[in-house]
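Here's the structure we're looking at; comments come further down.
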Amino acid sequence: MRILVVEDDEKIASFIVNGLKQSGFAVDTATDGEGALSLCAVVTYDAIVLDVMLPKLDGLSVIRRMRRDKSMVPVLLLSAMTSVENRVAGLQAGADDYLTKPFAFSELLARVQALIRRASHVAEPTTLVVGDLSMNLLTREVRREGQGIDLQSREFALLELLMRYPGRPVTKTMILEHVWDYSFDPQTNVVDVLAHRLRGKLERNFSSKIMHTIRGVGYVLKTT
């Protein structure tokens, strides 16, 4: 999956690009509207993350030109403007979704994934499965080897995040944003405490490990 990130703020762009790459996407970048249109003319993207306030050509003008040229690539519009009028203007210009700054990366990632699923007509799964571990997202039931596992709300949220990226490391930053929705504090150990508690419930009464620590990074769910 290839994503185009169009953002002239270097810090914000780096934050988004690094997070998307960690999540398995190939990412191209542009710092102005004209550069974005030039890339779209030669590369097929699965989604575009597009800031509203851009040099040379603003985000709304970029979307209008893309739609005029019959491009239907999903666009997530980013803006510091929070009024209803601004959101409506973005959607009417042709954006598929609108996210206001500041935002948690986990929300941006979820919105990008939803746009890609919608564009590819892939239905959101109701059950996640990794090896002998299953999670029903509707009933919130978790089972391993057919045995029910009782989880608290944050344990469930952490496990859901891990199960959506089987075999791939999930960083502590992503976990904090997904479970607690605040920026990463390197001094806190809440992630480690929660992960230890969840791991005990997933492995204590079972024959094999399924949740693994990636030192200095985070955690990964995989069968051994």
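The values are calculated or read from the model by the stated rules, or taken from the named source; none is laboratory data. Model, not experiment: these values are computed from the prediction. Every residue, glycine among them, receives a Cβ derived from its backbone with ideal geometry; neighbour counts consider all protein chains shown. The protein model used for the area step is the full one, side chains on, heavy atoms only, and it has no ligands, DNA or RNA in it. Shrake-Rupley method; radii C 1.70, N 1.55, O 1.52, S 1.80 Å.
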- Item | Tally, over the stretch 129-140, of residues that are surrounded by fewer than 19 Cβ atoms within 10 Å (Cβ to Cβ), under 17 Å from F206 (Cα atoms) and without any contact (Cβ under 8 Å) to a residue 60 or more places away in the chain | 2
- Query: Which pairs do you get when a residue that is free of Cβ contacts under 8 Å to residues at least 60 places away in the same chain and within 15 Å of L133 (Cβ to Cβ), found in the stretch 191-205, comes within reach of a residue that is in a helix (DSSP H, G or I) and among the acidic types (D, E), reach meaning Cβ atoms under 9 angstrom, with the pair 6+ apart or on two chains?
  - Reply: L198/E155; K201/E155
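A quick yes/no check of all residues on (1) modelled with pLDDT of 85 or more; (2) more than 21 Å from V217 (Cα to Cα):
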position: A123; (1), (2): no, yes
position: S134; (1), (2): yes, yes
position: G148; (1), (2): yes, yes
position: V170; (1), (2): yes, no
position: L176; (1), (2): no, no
- Mind checking which residues of the stretch 115-128 are open to solvent by 60 Å² or more (accessible area, probe 1.4 Å), touching a residue at least 24 places away in the same chain (Cβ under 8 Å) and in a strand (DSSP E or B)? none
- Task: Name every residue in the stretch 88-109 that is closer than 14 Å to L50 by Cβ, in a helix (DSSP H, G or I) and not aliphatic (A, V, I, L, M), in order of residue number.
- Result: G90
- Item | Selection from the stretch 123-167 of residues that are among the aliphatic types (A, V, I, L, M) and touching a Ser or Thr at 6+ places or on another chain (Cβ under 6 Å) | L137, L138
- Query: What's the number of the condition V112 fails, among (1) free of Cβ contacts under 8 Å to residues at least 40 places away in the same chain; (2) part of a helix (DSSP H, G or I)?
  - Reply: (1)
- Where a residue in the stretch 141-157 is in contact (Cβ under 8 Å) with a residue 40 or more places away in the chain and its partner, wherever it lies, is assigned to a helix (DSSP H, G or I) and basic (K, R), with Cβ under 6 Å and at least six apart: I149/K201
- Query: Among the residues of the stretch 100-114, how many are over 16 Å from G24 (Cα atoms), open to solvent by less than 50 Å² (accessible area, probe 1.4 Å) and out of contact with any helix residue (DSSP H, G or I) (no Cβ under 6 Å at 6 or more places or on another chain)?
  - Reply: 3
- Query: Out of all the residues in the stretch 38-72, which are surrounded by 14 or more Cβ atoms within 10 Å (Cβ to Cβ), among the hydroxyl-bearing types (S, T, Y) and under 22 Å from the mean Cα position of the chain (by Cα)?
  - Reply: Y45
- What helices (runs of 4 or more DSSP H) lie completely within the stretch 1-68 and have 3 or more residues being over 30 Å from P166 (Cβ atoms)? 33-42, 59-68
- Query: Has the stretch 206-218 got at least one residue that is part of a helix (DSSP H, G or I) and at pLDDT 90 or above?
  - Reply: no
- Message: So in the stretch 131-168, with the set limited to residues that are polar (S, T, N, Q) and in contact with a strand residue (DSSP E or B) (Cβ under 8 Å, 6 or more places away or on another chain), which one is farthest from H196 (Cα to Cα)?
- Response: N136
